[in-house]
Amino acid sequence: MIAQLSGTVIQLGPTSVVIEVGGIGVLALCGPGTAAGLRIGEAATLATSLVVREDSLTLYGFAGVEERELFELLQTATGVGPKLAQAALAVLSPHDLRTAIATENLVTLCKVPGIGRKGAQRLVIELKDKIHTTSSVTQPVAPAGAEAASSAAGWRDQVSQGLQGLGWSTRDAEAACDEVEPLAGAPDAGVPQLMRAALQTLARR
């Protein structure tokens, strides 16, 4: 298992990063919160989880070990794959996700695209005894910092595609982009930051 990835960030998107390690660019899929803490050209270290399938090897990156452990735990529940686990961590913080499962808060769990009431009930039944509501202190392994401001052209497509990749419909993704468009002109408004803001608008619905 590849548990950690360290190197220089050479590419950065709303839900992915390419880190150069020994002259090789390694692609890791990550949530918008993790991406927002990275900057092109700077060193970064991510906790990682390698998902092995018959036809693919996919590396997922996280800002801390706690996120990785919860990502892997979620996949032990029936019907939860890496895509849904990643979407859950994109919408809810590890603490909020653990608390929702431990307290059987189905309304909060249903905010995750792809999780309906039955799915939320299944998560509670299968994971409640495995979830600890008192989270350990997360050790951030990615350096803080914002990506360079996004250009007026291009950010919308990236954010919309990222949201759709996490499970939202095209209509919802476009509506979220409309809501965060006023933020696009800010100096520190890179694609990851706009993606995170869009997720927050969707979570409030």
Practice task
With N set to the residue count of the chain, report its C-alpha Rg divided by 2.2 N^0.38 Å to two decimal places.
Solution key: 0.99
Completion exercise
For Ile10, placing the label point 7 angstrom along Cα-to-beta-carbon and taking segment 38-82, residues whose amide nitrogen sits under 13 Å are 41-42
Practice task
Provide the gained length on full extension for the span Glu179 to Ile24, in nm with one decimal, where the gain is 0.36 nm per separating residue minus the Cα-Cα distance.
Solution key: 52.0 nm
Exercise for the section: Let me know the charge dipole size of segment 155-203 about its Cα centre in debye, to the nearest 20, where only the beta-carbon of Lys, Arg (+1) and Asp, Glu (-1) is charged. Expected result: 120 debye
Exercise for the section: Could you calculate the FRET efficiency of Thr201 with Arg117 from 1/(1 + (r/R0)^6), where r is the beta carbon distance between them and R0 is 22 Å, rounded to 0.05? Expected result: 0.45
Practice task
List the pair-distance distribution P(r) of segment 65-130, using every Cα-Cα distance, as the percent of pairs falling in each 5 Å bin from 0 up to the bin containing the longest distance, rounded to whole percents.
Solution key: 3, 21, 36, 33, 8, 0
Practice task
Pull out a ≥ b ≥ c, the square roots of the eigenvalues of the alpha-carbon gyration tensor of segment 1-45, then state rounded if a/c is under 1.5, prolate if not and a/b is larger than b/c, and oblate in the remaining case.
Solution key: oblate
Problem - Value in Å of the Kirkwood radius, where segment 17-95 supplies the Cα pairs that are averaged - result: 13.2 Å
Fill in the blank from the handout: In whole percent, the Cα-Cα distances of segment 155-203 spread across 5 Å bins from 0 upward as 4, 27, 40, 20, 7, 2
Problem - For the chain, calculated [θ]222 nm from helices alone, where every DSSP H run of n ≥ 4 adds -39500 (n - 2.57) - result: -11500 deg cm²/dmol
Exercise for the section: For a footprinting-style exposure proxy, rank Asp55, Asp129 by other Cβ within 10 Å, fewest first. Expected result: Asp55, Asp129
Exercise for the section: Return a whole-number percent for the relative contact order of the chain, with Cα pairs under 8 Å and 6 or more residues apart as the contact set. Expected result: 22 percent
Problem - Dipole in debye (nearest 20) - the chain, about Cα centre, beta carbon charges: Lys, Arg +1; Asp, Glu -1 - result: 540 debye
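No value in this document is a laboratory result; all are computed from the given coordinates. Values in this document were obtained by computation on a predicted structure and should not be read as measured data. Cβ atoms come from the backbone with ideal geometry, glycine included; neighbour counts cover every protein chain shown.
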